[in-house]
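Report on one structure; see the data block that follows.
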Amino acid sequence: MNAEPADQLRLLDVQALDVRLTQLSHRRDNLPEHAEIRAVESQLVQQRDLLVAAQTEESDTAREQTKAEQDVDQVRQRAVRDQQRLDSGLVTNPKDLASLQSEITSLAKRQDDLETIVLEIMERHETAQGRAKELAVRLDELQSQASEIVARRDGLTQEIDAEVATVRADRSTAVAGVPADLLKLYEKLREQQGGIGAARLYQRRCEGCRLELNITEVNDVRAAPANAVVRCENCRRILVRTPESGL
């Protein structure tokens, strides 16, 4: 295959732009913010689960407290009624009086026991309430952190995308001056050789595989016409000659 030296040099420009596009794609896919967002999202899931559990406990203890307070109120009301009966003097039978007094004493103990239970439930409710508030604050902090990271990632992504657009435009301009057959070979080799289809020959070294040409290879390249498209014997990439090739 033959191509004018200027066209071969232009192919190096295309290659440099393709390398830059690869670099930009890699950078976009591997922004540290991606890992940061995944980490914060994981924390958010855990934090939401903890908050739901705390809010459930808060709600459960609130209902439990309400029920216990109702029980205390029922016992208190019954004790008040019994005391009123006792104080009214309407109960005169000694046996009935003894039974009424015994019930009042029993109700007083029952009320005391229930009030102790209410206090214990109140403590658990306050603890759950406090924990739910702390978890809610932490959740808000994590959500703010996530929003900040997402905004930072989006900003960096937009910058990269803008540069990608510029590089692609430059590539289109550069490609327009490369012969179709040379470009087709370059694209094929680039796909086969990890993104590098053309490399400069610099000081008798292929910058594609980084191997130095032996004397026979150097002589072959030196003898090739200026418009001949030569290939590296080691990596088979297009080898572009320049004044710094050392020939």
Cα extents of the range 78-162 per principal axis, largest first, Å, are 100, 17, 12
Suppose all protein chains stay in the model; what accessible area per residue would a 1.4 Å probe give for the range 118-247, in Å²?
58 Å²
What percent of all Cα-Cα pairs in the chain falls in each 5 Å bin, counting up from 0?
1, 5, 9, 9, 7, 6, 5, 5, 5, 4, 4, 4, 4, 4, 3, 3, 3, 3, 3, 3, 2, 2, 2, 2, 1, 1, 0, 0
Under-5 Å amide H pairs with residue 204, H placed in peptide plane, nonlocal only:
246
The range 108-247, accessible surface, carbon-and-sulfur percent (1.4 angstrom probe)
50 percent
Hydropathy at least -0.5 by Kyte-Doolittle, axial extent at least 27 angstrom from the Cα trace: which helices of the chain, defined as entire DSSP H runs, fit?
94-175
Between residue 140 and residue 116, what length in nm is gained on full extension when 0.36 nm per residue of separation is reduced by their alpha carbon distance?
5.0 nm
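Given the convex hull of the Cα atoms of the range 96-210, what is a quarter of its surface area in nm²?
17.1 nm²
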For the chain, with +1 on Lys and Arg beta carbons and -1 on Asp and Glu, the positive-most of 229, 179, 146 along the dipole:
229
For an R0 of 35 angstrom, estimate the FRET efficiency from the Cβ-Cβ distance between residue 212 and residue 148 and round to the nearest 0.05.
0.10
Calculated Rg and Dmax of the range 181-247 using C-alpha coordinates, Å
11.2, 30
Using a 10 angstrom cutoff on alpha carbons, build the Gaussian network for the chain and name the most mobile of 96, 220, 18.
96
Set of lysines near residue 133 by C-alpha distance (under 27 Å), chain-local residues within fewer than 8 positions excluded:
67
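The values are calculated or read from the model by the stated rules, or taken from the named source; none is laboratory data. Keep in mind the model is a prediction, meaning the values are calculated, not measured. Don't worry about glycine lacking a Cβ; one is built from the backbone with ideal geometry, like all the others, and counts go over all protein chains shown. Remember, those area values only see protein heavy atoms, side chains included, never the ligands or the DNA or RNA. Shrake-Rupley method; radii C 1.70, N 1.55, O 1.52, S 1.80 Å.
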